[in-house]
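**Student:** What follows is a structure written as structure tokens; I'll ask about it next.
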């Protein structure tokens with residue numbers, strides 16, 4: 001039996017790197033598409049480049065179309081995106097092009113070149129917006145950012161091509177998932193790196209936005225396994241991927257600081273809120289620049305469907321996640 005061929009767009013990102021490792025361990029031939037940049041962006045997958053079954057391609061989403069046509073892969077995992085919610089308010093057209101229209105082009109290519117190719121779309125809990133938690137596959141969508149709207153376009157395109165053309169096309173509605181490989185602009189990475197820098201004495205406080213936002217934070221390594229399980233399911237379907245537990249940004253901050261022996265308490269309200277350590281030193285301040293024009297306050301996923309039909313459950317707790325992220329950030333700096 002020949003090896004399966006998988007194409008991963010966004011292979012250089014957090015999820016793409018973990019998924020590449022998983023598929024290689026399952027004896028796939030993996031083709032990873034990385035965005036072409038003037039500076040190196042392969043640090044998350046460079047350890048895989050000596051593997052004869054791992055092939056790196058550089059380019060934009062146009063290259064993804066060419067690779068689908070050329071390789072006729074068994075599975076396509078579309079993880080590429082303009083993934084910063086706040087930035088999407090500044091570049092909404094680009095966000096919709098990359099996150100929505102590019103998905104249409106890939107589905108069209110699969111339909112015309114190899115309808116047997118399975119397609120996974122990285123969807124997002126941001127689709128739910130201010131829909132009351134917990135959110136499941138049956139919850140209504142109320143997107144509150146250009147990012148979420150672009151992902152909703154992709155979601156319905158996948159659904160339509162599945163129903164209209166009988167493609168094996170699925171949406172993984174992933175709630176927040178983090179790891180030491182998280183990008184520097186995301187709040188969890190920003191918190192952990194900032195706390196580590198406070199421990200080193202290079203800064204004395206961190207600045208954040210909405211501390212009241214509640215998120216269902218899981219580990220990316222757990223979530224890419226569920227992506228793969230979705231693609232092996234007997235019928236194509238959409239699944240929420242989540243831990244079922246949510247924590248505020250404030251709670252994440254407290255947990256991270258505890259790893260360096262600091263106890264943080266908060267005083268004040270709104271923009272005047274500050275976080276003090278046990279010695280009365282201000283360690284957390286609020287900066288309005290980090291607020292979104294429209295906030296999403298409470299996301300908590302109900303992943304009962306995935307747990308039942310895919311026999312999946314997350315292995316890492318919230319505490320495990322923060323512990324691992326902080327352990328890596330506290331390692332001695334190179335050089």
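The values are calculated or read from the model by the stated rules, or taken from the named source; none is laboratory data. Please read all numbers here as calculations on a predicted model, not as lab measurements. Because the Cβ atoms are built from the backbone with ideal geometry, glycine has one as well, and the counts that use them run over all protein chains shown.
**Student:** Considering only the range 296-313, state which residues are surrounded by 15 or more Cβ atoms within 10 Å (Cβ to Cβ) and closer than 22 Å to residue 186 by Cα.
**Tutor:** 296, 298, 299, 300, 301 - these are the residues of the range 296-313 that are surrounded by 15 or more Cβ atoms within 10 Å (Cβ to Cβ) and closer than 22 Å to residue 186 by Cα.
**Student:** Return yes or no: is residue 296 assigned to a loop (DSSP other than H, G, I, E, B), closer than 30 Å to residue 119 by Cβ and either assigned by TED's automatic domain parsing to the domain that holds residue 195 or touching a residue at least 40 places away in the same chain (Cβ under 8 Å) (or both)?
**Tutor:** Spelling it out, residue 296 is indeed assigned to a loop (DSSP other than H, G, I, E, B), closer than 30 Å to residue 119 by Cβ and either assigned by TED's automatic domain parsing to the domain that holds residue 195 or touching a residue at least 40 places away in the same chain (Cβ under 8 Å) (or both).
**Student:** How about the range 153-173: which of its residues are buried (at least 24 other Cβ atoms within 10 Å of the Cβ) and not in a helix (DSSP H, G or I)?
**Tutor:** Residues satisfying the conditions are 169, 171, 172, 173.
**Student:** Another question, if that's okay. Looking only at the range 174-192, count every residue that is buried (at least 19 other Cβ atoms within 10 Å of the Cβ) and assigned to a helix (DSSP H, G or I) and tell me the total.
**Tutor:** Of the residues in that region, 5 qualify.
**Student:** crowded, with 22+ Cβ neighbours inside 10 Å and closer than 20 Å to residue 114 by Cα, is that true of residue 30?
**Tutor:** Answer is yes for this residue.
**Student:** Okay, moving on. I want to confirm something. Restricting to the range 40-97 and keeping residues that are more than 22 Å from the chain's Cα centre (by Cα) and assigned to a loop (DSSP other than H, G, I, E, B), which single residue is surrounded by the most Cβ atoms within 10 Å (Cβ to Cβ)?
**Tutor:** So the residue we want is 73.
**Student:** Here is a further query. With respect to residue 287, is the statement that it is surrounded by fewer than 15 Cβ atoms within 10 Å (Cβ to Cβ), in contact (Cβ under 8 Å) with a residue 12 or more places away in the chain, in contact with a helix residue (DSSP H, G or I) (Cβ under 9 Å, 6 or more places away or on another chain) and assigned by TED's automatic domain parsing to the domain that holds residue 15 true?
**Tutor:** When the stated conditions are applied, residue 287 does not pass them.
**Student:** Something else about it: Mind checking which residues of the range 15-55 are more than 18 Å from residue 98 (Cα to Cα), touching a strand residue (DSSP E or B) at 6+ places or on another chain (Cβ under 8 Å) and at pLDDT 95 or above?
**Tutor:** 19, 20, 23, 24, 28, 29, 30, 31, 53, 54, 55
**Student:** With the requirement that a residue be part of a helix (DSSP H, G or I) and at pLDDT below 95, what does the range 255-271 give you?
**Tutor:** Scanning the range 255-271 gives 270, 271.
**Student:** Identify all residues within the range 143-167 that are farther than 16 Å from residue 89 by Cα and touching a residue at least 12 places away in the same chain (Cβ under 8 Å); write none if there are none.
**Tutor:** Passing the criteria: 153, 154, 155, 157, 158, 159, 161, 162, 165, 166, 167.
**Student:** Considering only the range 201-230, state which residues are touching a residue at least 60 places away in the same chain (Cβ under 8 Å), closer than 16 Å to residue 262 by Cβ and out of contact with any strand residue (DSSP E or B) (no Cβ under 7 Å at 6 or more places or on another chain).
**Tutor:** 204
**Student:** For residue 137, are the conditions met, namely being touching a residue at least 24 places away in the same chain (Cβ under 8 Å) and either surrounded by 15 or more Cβ atoms within 10 Å (Cβ to Cβ) or out of contact with any strand residue (DSSP E or B) (no Cβ under 6 Å at 6 or more places or on another chain) (or both)?
**Tutor:** yes
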